[in-house]
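Let me begin by presenting the structure, written as structure tokens, before commenting on it.
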Amino acid sequence: MPRSSFAKVDVVVDTGNPLLDRTVDGFLKIGAVAATRAVAEDAYHVAKRGSISTKDAEHTLKKMCKEGAYWGTVAGVYTGMEYGIRRARGTSDWKNAMIAGALTGALTSAVTSGEKDKIVLDALTGGAVATAAEFINYLTY
């Protein structure tokens, strides 16, 4: 079961299914980061302007929800795919990240745009980013 600690907050996700546990954990972690980024960005713009309105607050809340849900979903799909590929291949290596990143990039692109060239490019980007992150992770441990 995934366990993480961030800012002295301990979160445990236990649905009884390891695939679902990792997917939900990825969704919650990255969704929270994306929502926080949206708040920080809007806080900067409000501070720069020097005033805030209820319209600004509503806009920020909607942006938090949208960004959190989008990036949380992408992260959940990626972590679920990476776990499933690791189980199917029976090994844990950078190739799992590459395959999961490429599939996640392609799936996300297919859902949002459906344009064939963009799907291929997003699959390549997803695979490259996931592989790079995996290599960086190996270097830091």
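Scanning the range 91-109 for residues that are of a type in the set (S, T, N, Q) and buried (at least 19 other Cβ atoms within 10 Å of the Cβ) yields 96, 104, 108, 109. Please state which one of 123, 43, 32 is under 14 Å from the mean Cα position of the chain (by Cα) and surrounded by 12 or more Cβ atoms within 10 Å (Cβ to Cβ). Result of the check over 123, 43, 32: 32.
Restricting to the range 51-71, count the residues that are closer than 23 Å to residue 108 by Cβ and either surrounded by 15 or more Cβ atoms within 10 Å (Cβ to Cβ) or touching a strand residue (DSSP E or B) at 6+ places or on another chain (Cβ under 7 Å) (or both). Full working, then the answer.
Start the filter on the range 51-71 by keeping residues that are closer than 23 Å to residue 108 by Cβ, which leaves 62-71.
So of that shortlist, the ones also either surrounded by 15 or more Cβ atoms within 10 Å (Cβ to Cβ) or touching a strand residue (DSSP E or B) at 6+ places or on another chain (Cβ under 7 Å) (or both) come out as 63-64, 67-68, 70-71.
The number of residues fulfilling the criteria is 6.
Yes or no, residue by residue, for (1) surrounded by fewer than 15 Cβ atoms within 10 Å (Cβ to Cβ); (2) modelled with pLDDT of 95 or more; (3) among the charged types (D, E, K, R):
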residue: 26; (1), (2), (3): no, no, no
residue: 49; (1), (2), (3): yes, no, yes
residue: 111; (1), (2), (3): yes, no, no
residue: 137; (1), (2), (3): yes, no, no
residue: 140; (1), (2), (3): yes, no, no
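The values are calculated or read from the model by the stated rules, or taken from the named source; none is laboratory data. Values in this document were obtained by computation on a predicted structure and should not be read as measured data. Cβ sites come from the backbone with ideal geometry, for glycine too, and all protein chains shown count toward neighbours.
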